[in-house]
Amino acid sequence: MKASSKRKLLPVIALFIIVFIGIQFIGEKVDHPAVTGEIKAPKEVKQILERSCYSCHSNETHLEWFDEIAPASWLVQSHVKHARLGMNFSQWDTMTEIEKKGKLWQLYNFVAADHMPKKSYLAVHPDAKIEKKDLDVLRNYVLSLTSSKINDTSKINSFNKQYKELISQNASKEIPKAPNGIPFIADYKNWQIISTSERFDSGTMRIIYGNPAAIKAVKDKQTNPWPDGVIMAKIVWTQLKDEFGEIKPGEYKYIQYMIKDKRKYEKTQGWGFARFDNLDNKPFGKEDFEYSCINCHMVVKDQDYVFTRPIKQ
């Protein structure tokens with residue numbers, strides 16, 4: 001390289017160095033809030049979580065030197081901030097037992113679907129990889145948290161109380177609406193069943209109904225993606241187990257809706273969400289609750305964000 005070319009290149013290099021040093025003082029850094037209540041889990045489970053999850057999903061974030069260099073540090077800070085909002089093992093005491101089981105069920109499914117830890121994170125933190133034996137440990141732990149008791153007295157009492165309320169209540173004339181404006185759709189009772197499912201973490205069973213547009217999509221094998229106009233309704237009950245080991249519906253818990261409209265619900269990947277609890281169909285959630293819904297459904301992004309696989313398929 002000629003001397004004149006080198007002289008022209010020097011200011012560019014100097015400017016790059018100045019800018020690089022300058023951006024190190026821009027942007028937020030990952031903070032380390034106090035630990036208010038750690039998850040109580042067996043040693044082998046805790047070791048997996050600490051190795052593969054804690055750097056993003058806790059207040060005990062361990063950063064490598066390259067994680068703290070801008071602009072990479074900006075991305076790390078953003079990931080940690082959003083990860084803690086979704087699940088924070090350092091604030092485990094702020095959740096109910098049901099919420100804890102649900103979060104662990106969600107964690108297991110994200111890991112099993114190879115969505116967590118993120119591939120971009122594993123590329124520079126290979127030690128965080130969760131092997132099959134680790135996944136088995138997590139699965140067995142989550143399964144151990146839920147058990148269906150035969151003749152569960154509390155569940156039977158709840159079911160009986162609810163049944164008495166059902167036969168004595170008067171139909172409400174006012175149609176409830178979710179915080180995002182989606183109304184309760186009573187016509188789901190006239191729809192056809194698409195599939196069934198269960199959640200071992202919460203001891204519930206579900207039946208999924210589809211409106212005529214959903215049934216047509218299933219028949220036409222157009223479920224990935226689902227077309228606009230599709231509505232699915234998931235009805236959830238607790239599980240009751242009798243002396244013969246037979247599982248049957250117990251107390252009614254809630255109904256969830258998923259409505260496909262790519263334009264209207266663009267911010268939540270084309271799906272509108274709503275949930276109505278108990279017999280009085282009380283709207284669930286606060287403003288922007290649907291973002292937590294789609295975050296959970298991200299694990300099935302490759303299935304158009306729908307967990308349900310129609311029985312026919």
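The values are calculated or read from the model by the stated rules, or taken from the named source; none is laboratory data. Small disclaimer: the values here were computed from a predicted structure and weren't measured. Positions of Cβ are generated from backbone atoms using ideal geometry, with glycine treated the same way; all protein chains shown enter the neighbour counts.
For the range 256-272, residues that are more than 19 Å from Ala217 (Cα to Cα) and touching a strand residue (DSSP E or B) at 6+ places or on another chain (Cβ under 7 Å) total 3.
Is it true that some residue in the range 77-92 is farther than 19 Å from Ser292 by Cβ and modelled with pLDDT under 85? Give the derivation first.
Here is the first cut: in the range 77-92, the ones farther than 19 Å from Ser292 by Cβ are 77, 90.
Of the ones still in play, those that are also modelled with pLDDT under 85 are 77.
For the range 77-92, residues farther than 19 Å from Ser292 by Cβ and modelled with pLDDT under 85: present.
Under 7 Å by Cβ, and 6 or more places apart or on different chains, what pairs join a residue from the range 209-235 that is free of Cβ contacts under 8 Å to residues at least 60 places away in the same chain with one that is of a type in the set (Asp, Glu)? Taking only residues 6 or more apart or on different chains, the pairs are Asp228/Asp261. Just so you know, in the range 294-313 the residues that are more than 19 Å from Tyr209 (Cβ to Cβ) and charged (D, E, K, R) include one that is surrounded by the most Cβ atoms within 10 Å (Cβ to Cβ), and it is Lys301. Could you list, in sequence order, the residues of the range 269-313 that are within 13 Å of the chain's Cα centre (by Cα) and in a helix (DSSP H, G or I)? Of everything in the range 269-313, those that are within 13 Å of the chain's Cα centre (by Cα) and in a helix (DSSP H, G or I) turn out to be Glu290, Tyr291, Ser292, Cys293, Ile294, Asn295, Cys296, His297, Met298, Val299, Val300, Lys301.
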